[in-house]
């Protein structure tokens, strides 16, 4: 019995990467603050981070939830593409899933720490 889907696996692989990019950018922005400015408190670091966002998005928890949702969607789409026959797509989706899980752990840790 064959299973047909409305969207091809290469499209879901592309969408997985597209949904991972915003979470990855948010993670890199947070990490770069610690590298650029050393010796600051977590409160000051959060203030610098929040200055990057518009006024309607000045809640750190909302930013972490957006990142979590993007990562979860990326994982779901990446797992749908694992059955692709090309090894490069499988490896790319594995890396996408690992990075998304790492960012999820980071976001959860940051939300607990607040």
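What the table below lists for this structure:
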| read-out | value |
| --- | --- |
| Condition check for residue 25: closer than 14 Å to residue 106 by Cβ, modelled with pLDDT of 85 or more and part of a helix (DSSP H, G or I) | yes |
| Cβ-Cβ under 7 Å pairs, at least 6 apart or on other chains, segment 73-87 side more than 14 Å from residue 11 (Cβ to Cβ), far side at pLDDT 80 or above and surrounded by fewer than 17 Cβ atoms within 10 Å (Cβ to Cβ) | 82/90 |
| Residue satisfying condition, being in contact with a helix residue (DSSP H, G or I) (Cβ under 7 Å, 6 or more places away or on another chain) and at pLDDT 95 or above, within set 68, 15, 77 | 68 |
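The values are calculated or read from the model by the stated rules, or taken from the named source; none is laboratory data. Source: prediction; values computed, not measured. Methodologically, a virtual Cβ is constructed for each residue, glycine included, from the backbone with ideal geometry; neighbour enumeration extends over all protein chains shown.
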